[in-house]
1. Return the Rg/Rh value of region 23-104, two decimal places, where both radii are evaluated on C-alpha atoms and Rh is the Kirkwood radius.
2. Would you pull out the residues with amide H under 5 Å of ALA5's amide H, same chain only if 5 or more places away, H placed 1.01 Å from N?
3. Taking percent of Cα pairs over 32 Å apart as the quantity of interest, determine which of (i) 40; (ii) 18; (iii) 34 was computed from the displayed structure.
4. For the chain, what is the accessible area per residue in Å² when the probe is 1.4 Å?
5. Is any helix in the chain, taking whole DSSP H runs, at least 24 angstrom long along its axis by alpha carbon and on average at least 1.0 on the Kyte-Doolittle scale, and which ones?
6. So which of LYS47/LYS169; LYS59/LYS154; LYS121/LYS178; LYS111/LYS157; LYS157/LYS178 end up more than 19 Å apart by C-alpha?
7. Take region 1-51, compute every pairwise Cα distance, and split them into 10 Å bins from 0; I just need the percent in each bin.
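The values are calculated or read from the model by the stated rules, or taken from the named source; none is laboratory data. This structure is a prediction, so every number in the text was calculated from the model and none was measured. Keep in mind that these areas ignore ligands, DNA and RNA; they rest on the heavy atoms of the full protein, side chains included. Shrake-Rupley method; radii C 1.70, N 1.55, O 1.52, S 1.80 Å.
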Amino acid sequence: MVVVADTCSLVALSRYYSPFDNDNQLSGFLEKNFNSRKLLLLDSIHKECSYIAQGLVFKNLPFLNSDKKLIINTSSLVPPAPQRFSNQLDNNLAVMLEKKKMTEIQYIQAKQEFLETGDAKIIIYALNERNKNSLLVEELYVLTEEKKNQNDGKLFKKLPTICEFFDIKVITLPNYLKLNNINIDWSIPDI
């Protein structure tokens, strides 16, 4: 299993799990998986992590910022069948209610901005990997804490919905940790 992490999953790891990682087992597990390319960090996600939650991800997982070889460059990444992908965005993955509020020029600009986001880069990366079959026996998953509910007023559907549309597997952070036998030892002091 190869897993591409999104921004919200890394923020959740840093916010809700890292504070309880007193013996650095979780951090060590993550660093090992990033180094072995079982867990992937795209440059667009790295960039988003730098300005979301005041860089909390890099405070709690400093190896993600110090080891540049862990970051996958997506600057020249284009979707397979670009015109088809563009049409799918327009017709299947745009939130029509939001799209109708825009002029054509505004929509084109917003779509271009979306294509530079971490979510879009994850989708394009996954589609390319599937097309070139570079993972061989490994299955590619997207690690996300996003829910499918469209409640944020954004132009394009949420990452899990887009993944489902393209038949890309999604895994949540708790399921990923369970699957890898990561246990959190909750100790409650006697009162």
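1. 1.14
2. Those qualifying (amide H under 5 Å, at least 5 residues apart or on another chain) are LEU40, LEU42, LEU143.
3. (ii)
4. Heavy-atom accessible area per residue stands at 58 Å².
5. none
6. LYS47/LYS169; LYS59/LYS154; LYS121/LYS178; LYS157/LYS178
7. So the P(r) values, bin by bin, are 25, 54, 21.
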